[in-house]
Amino acid sequence: MKELLESWNKYIIAEGGLSRNWSHMQEHDCALISAERNSYTKKENKDRGLELEAVIARAGYGYKTERGSFIENFKTPQAIEVSEKSLFVVNLKDDPGFFDRIAELSKQFEQDSVLMIPKGGKGAYLIGTKEGNDFPPFGETITVGDFRGGVEDEFMTRTGGRPYVFKDKDIKEELQTYKKLSRNQRWAVKKMVERLKHSSRKNK
């Protein structure tokens, strides 16, 4: 057991703030993935999270635990932050198949989508990983934007209590999303509509 823990722990990235996350993004491809689903109990989600950590460690990737959040009733007096456990995964060995492997894990753990962060922290995108979903469609990608640290928004992640987002700087419109959609589904809906509006303005 001691040897197993020592082997596992070497893949756990030491806790750090936004600057450390930014540093990882500058050096390697990264991703944000969760194993949680609303249909599972708290214990089941905890067990699934540990299983996902084990698979990621076994693959030779680094990771640390963070909180993926979205704001219910964004920009209203009833706004409330809803969060889930996420793993910030770093492609420490620069595996060329990293994004494909993470997408497969997202399918395996029944996630609607997963956030991929190319090296450099720019042009992060969601990829649909659940068949039958519309937001985002299975196998399709939706670009969500570049890393912006210390910013709170409708869709964000917290590390050490501090928020960061991936967002385009030139698109300001917000979308009233559907309450029954998951965090990533809502995010995908928002970005799809923003892109459509942005494209329409360009063509006028």
**OP:** Return the total of residues in segment 108-146 being surrounded by 16 or more Cβ atoms within 10 Å (Cβ to Cβ), touching a Lys or Arg at 6+ places or on another chain (Cβ under 8 Å) and more than 16 Å from Met25 (Cβ to Cβ).
**Re:** 9
Subject >> Matching residues in segment 98-122 - criterion: being closer than 21 Å to Arg186 by Cα and small (Gly, Ala, Ser) >> reply: Ala103, Ser106, Ser113
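One line per residue, one yes/no per condition, for (1) modelled with pLDDT under 90; (2) within 25 Å of Lys202 (Cβ to Cβ); (3) in contact with a strand residue (DSSP E or B) (Cβ under 9 Å, 6 or more places away or on another chain):
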| residue | (1), (2), (3) |
| --- | --- |
| Phe99 | no, no, yes |
| Ile102 | no, no, yes |
| Met116 | no, no, yes |
| Gly132 | no, no, yes |
| Glu140 | no, yes, yes |
| Lys169 | yes, yes, yes |
| Leu181 | yes, no, no |
Subject >> Residue that is surrounded by the fewest Cβ atoms within 10 Å (Cβ to Cβ), among those in segment 27-45 that are assigned to a helix (DSSP H, G or I) and at pLDDT below 95 >> reply: Lys42
Original post:
modelled with pLDDT of 95 or more and part of a loop (DSSP other than H, G, I, E, B) - does that describe any residue in segment 65-78?
Top reply: no
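Kindly indicate the residue of segment 123-171 that is among the basic types (Lys, Arg) and assigned to a strand (DSSP E or B) and also nearest to Ser69 (Cα to Cα) among those meeting that condition.
Here is the first cut: in segment 123-171, the ones among the basic types (Lys, Arg) are 130, 148, 158, 162, 167, 169.
Still in the running and assigned to a strand (DSSP E or B): 148, 158, 162, 167.
On the way: Arg148: 15, Arg158: 8, Arg162: 12, Lys167: 14 Å.
That would be Arg158.
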Subject >> Selected residue (only one of Arg148, Arg162 is farther than 21 Å from Phe99 by Cα and at pLDDT 85 or above) >> reply: Arg148
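The values are calculated or read from the model by the stated rules, or taken from the named source; none is laboratory data. As the structure is a prediction and not an experimental result, all values here were calculated from the model. Neighbour counts run over all protein chains shown; Cβ positions are idealised from the backbone, glycine included.
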